[in-house]
1. Assess whether A:E64 counts as being surrounded by fewer than 18 Cβ atoms within 10 Å (Cβ to Cβ), outside any loop (DSSP other than H, G, I, E, B) and either touching a residue at least 12 places away in the same chain (Cβ under 8 Å) or in contact with a Leu (Cβ under 8 Å, 6 or more places away or on another chain) (or both).
2. Quick test of your reading of the structure: A:G56 fulfils all but one of (1) out of contact with any strand residue (DSSP E or B) (no Cβ under 9 Å at 6 or more places or on another chain); (2) in a strand (DSSP E or B); (3) not charged (D, E, K, R). Name the failing condition by number.
3. Just to be sure, is B:A127 farther than 21 Å from B:A260 by Cα and either in contact with a Phe, Trp or Tyr (Cβ under 6 Å, 6 or more places away or on another chain) or crowded, with 24+ Cβ neighbours inside 10 Å (or both)?
4. Within the stretch A:32-56, work out how many residues are more than 22 Å from B:A185 (Cα to Cα) and surrounded by fewer than 19 Cβ atoms within 10 Å (Cβ to Cβ).
5. Having 2 or more residues that are within 16 Å of ligand 2 (Cβ to nearest atom) is the bar; report the helices (runs of 4 or more DSSP H) wholly within the stretch A:264-363 that clear it.
6. Taking the condition of being within 14 Å of another protein chain (Cβ to nearest Cβ), touching a strand residue (DSSP E or B) at 6+ places or on another chain (Cβ under 7 Å) and either within 25 Å of A:P15 (Cα to Cα) or not basic (K, R) (or both), how many residues in the stretch A:78-99 meet it?
7. Since B:V173 meets every condition but one in (1) surrounded by fewer than 24 Cβ atoms within 10 Å (Cβ to Cβ); (2) assigned to a loop (DSSP other than H, G, I, E, B), which condition does it not meet?
8. Being within 13 Å of ligand 2 (Cβ to nearest atom) and open to solvent by 10 Å² or more (accessible area, probe 1.4 Å): is that true of A:V175 here?
Amino acid sequence: MSPAAPPTVDVGALPLAAGGHLLVRRALRALPDGARLTVVGTDPTLALDLRAWARGQGVPVEGERTLVRTPAAEGRWRGAERAGGAGPDGVVDVPSPRWGLALRGAAVEAGSPALHFPLATKAEVWTDEAARMYRKAAAAQWDPASLPWDTVVDHPAEVEDAVVQVMTYLVENEVAALLVPARFLAQVHPHFREVLQVLAVQAADEARHIEVFARRALHVRDVPGLSTSGGQTSLATLLAEPDFALSTFLLSVLGEGSFLTLLWFLAEHAPDPLTRAIARATATDEARHVAFGLAHLGAHLAAEPDLRVRLVNAVTRRHQALAGTAGLNEEVHDALLLLAAGGWEHAQLAEGAARVTKLAADMDEGRQQRLKLLGFDAAEAEAMSSLHTRNFM
Amino acid sequence: MLRAPSDTLLLGAVAYDPKVVTIWEGFRLWFAERGLDFDFVLYSNYERQVAAHLNGEVHVAWNSPLAWIEARRAALARGIACETVAMRDTDQDLTSLVIVRADSPYRTVADLAGARVGVGAGDSPQATLLPLHWLAAQGVTVEARRFDVLVGKHGDHVGGERDAARALMRGEVDACCLIDGNHAAFTKEGTFPLGAVRVLGQTGAYDHCNMTVLGDGHPEMGRFVELLMSMSWDDPAVRPLLEMEGLREWRPGRVEGYVALEAAVERFGTIDAFLADVG
Ligand SMILES: [Fe+2]
Ligand SMILES: [Fe+2]
């Protein structure tokens with residue numbers, strides 16, 4: 001409706017309470033302040049309903065059914081503020097706490113409550129890659145039921161014991177990998193919704209990893225393996241890290257990065273096709289987790305170069321905190337060796353030992369590469385990688 | 001031992017709903033930010049509030065129209081001045097309706113002679129006293145069926161009005177009375193299916209709640225009223241308070257809108273016992 005339209009609105013037989021008020025409000029908003037609008041219609045209670053409606057809206061009434069257009073016609077939307085822009089380019093550096101849960105780009109009513117999210121600056125959480133990474137992760141979700149659970153295990157009993165031990169170890173690491181992003185997920189300002197979505201799908205990935213590793217542990221056996229004090233102590237330092245950037249660094253870049261190498265190792269050397277399939281499937285998810293950590297840490301480092309020093313300190317601090325523990329526990333190390341050996345022949349054991357030695361070297365190599373991607377030089381990367389927990393995650 | 005400051009401006013209000021605490025706590029903070037030492041006292045019913053006001057326990061009372069008349073008459077008897085200093089825009093020029101079912105035989109108000117008319121709580125001006133007075137003034141004698149919900153709250157709680165409307169739809173009464181805005185509200189919420197009712201009559205316009213001051217009130221009363229009048233819907237900090245209290249702006253008080261209720265109270269002797277009690 002244009003301002004040139006005649007200042008009447010015909011609601012026909014429509015009662016005001018049955019949608020007529022929408023026509024009236026639309027016509028009123030289209031008029032300039034001070035203009036009159038006469039409401040025409042045949043509902044017998046139109047005039048009295050109109051008066052009551054106008055009173056509640058703060059709209060002045062003249063005579064029986066003529067309304068006066070005032071700023072009150074905009075109602076609660078006067079002074080509303082856009083919550084940034086809708087697209088990724090509409091992300092602002094510091095979104096208002098009052099934008100709260102609103103979709104980015106929505107008009108937020110003035111006087112909305114302030115919701116104080118601890119992670120509320122673009123520098124801390126954002127990466128331009130987030131939207132693409134979420135879509136990729138959503139498309140790559142797989143069904144645990146699609147794995148070959150009908151696999152019959154025919155390797156020696158002790159080798160199966162080793163598989164069960166490795167799975168038991170993996171599950172407690174996956175629980176840590178679930179809890180950390182889940183905790184930060186609830187702290188990120190929803191303005192950065194793509195980051196929220198990535199963290200949420202990451203948590204869903206970890207839930208699936210817990211499912212398949214736990215199921216593999218109990219595929220043949222009735223009880224899982226051992227959970228060691230050193231392993232849990234190492235993971236506890238991850239849970240205790242309150243800073244999103246440092247936590248991402250320790251968990252995603254260093255921890256999940258090392259884990260990725262471990263999963264590839266299992267995909268290659270596990271004694272049965274089921275375990276190898278599980279390792280391949282989980283490794284594709286893990287690679288995305290590492291990539292997201294690198295992407296938003298890279299953006300953070302670009303915005304805040306001093307973060308480099310804090311990253312170095314975080315690795316050193318964690319190393320010192322874990323100095324009194326045993327590192328990778330004997331049970332897991334020996335289980336990996338036997339698993340990779342596949343049997344008790346001397347040649348098999350020697351081969352297994354060589355593979356586990358190479359695993360540690362591959363992990364170190366991977367960590368150094370990722371540290372260089374974040375801008376550390378070769379010497380720094382070597383030093384920092386060597387301080388990483390011997391417990392892998 | 002902590003003491004309440006003796007110079008605080010105290011407002012009395014009736015707690016007809018839990019939101020009343022939120023509303024006046026919000027006003028208290030807003031006044032405090034503007035340097036006005038303001039606090040509120042809640043009463044469970046208007047009669048207790050008016051009695052407390054007469055005893056000087058509060059300086060201004062947020063009164064229903066019936067409580068205003070109670071306060072005005074009691075003050076008159078004691079030779080105390082009584083005035084209204086503010087009201088909401090939404091308190092002005094209300095009407096009440098007499099509603100029948102669309103398929104009923106009633107065509108005019110006179111047809112309702114002897115009919116069962118559902119009304120709200122016995123002390124509700126809008127759903128009981130004003131429409132019954134309006135019918136009686138036209139010589140129509142009806143059999144009033146009261147739906148008493150929360151007596152003492154003077155109909156601020158809409159429950160009785162809605163119960164009467166439901167009784168109309170069940171055929172337990174032949175007509176019901178309600179405030180004009182509830183015609184649309186009850187239609188919207190489905191209490192009245194679309195096209196199921198007709199409006200048989202509408203009272204003249206009357207006013208609703210007001211801020212009542214007795215005697216000299218309080219030295220800061222002028223400031224209190226000035227601050228109320230300055231509250232703007234455009235101010236995001238104020239808007240939620242106005243919205244909860246159901247207004248767009250405060251207006252100066254006026255007394256012309258209570259003539260019909262004064263007459264209704266005379267006709268039904270509604271507050272005689274209260275006035276005798278407070279002496
Ligand atoms: Fe995982
Ligand atoms: Fe992960």
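The values are calculated or read from the model by the stated rules, or taken from the named source; none is laboratory data. Predicted, not measured: the structure shown is a model, and the values here were computed from it. Cβ sites come from the backbone with ideal geometry, for glycine too, and all protein chains shown count toward neighbours. What goes into the accessible areas is simple: the full protein's heavy atoms, side chains included, and nothing from ligands, DNA or RNA. Shrake-Rupley method; radii C 1.70, N 1.55, O 1.52, S 1.80 Å.
1. Details: surrounded by fewer than 18 Cβ atoms within 10 Å (Cβ to Cβ): yes; outside any loop (DSSP other than H, G, I, E, B): no; either touching a residue at least 12 places away in the same chain (Cβ under 8 Å) or in contact with a Leu (Cβ under 8 Å, 6 or more places away or on another chain) (or both): yes.
Answer is no for this residue.
2. Status for A:G56: all satisfied but (2).
3. Values: farther than 21 Å from B:A260 by Cα: no; either in contact with a Phe, Trp or Tyr (Cβ under 6 Å, 6 or more places away or on another chain) or crowded, with 24+ Cβ neighbours inside 10 Å (or both): yes.
The answer is no for B:A127.
4. Pass one, the stretch A:32-56, residues more than 22 Å from B:A185 (Cα to Cα): A:32-38.
Of the ones still in play, those that are also surrounded by fewer than 19 Cβ atoms within 10 Å (Cβ to Cβ) are A:32-36, A:38.
Qualifying residue count, the stretch A:32-56: 6.
5. Details: elements: A:273-303, A:307-321, A:330-341.
Counting at least 2 such residues, we get A:273-303.
6. First, pick out the residues of the stretch A:78-99 that are within 14 Å of another protein chain (Cβ to nearest Cβ): A:78-81, A:96-99.
In the following step, the residues that additionally are touching a strand residue (DSSP E or B) at 6+ places or on another chain (Cβ under 7 Å) were identified as A:80-81, A:98-99.
Subset that is either within 25 Å of A:P15 (Cα to Cα) or not basic (K, R) (or both): A:80-81, A:99.
Final tally of qualifying residues: 3.
7. Here B:V173 clears every test but (1).
8. The answer is yes for A:V175.
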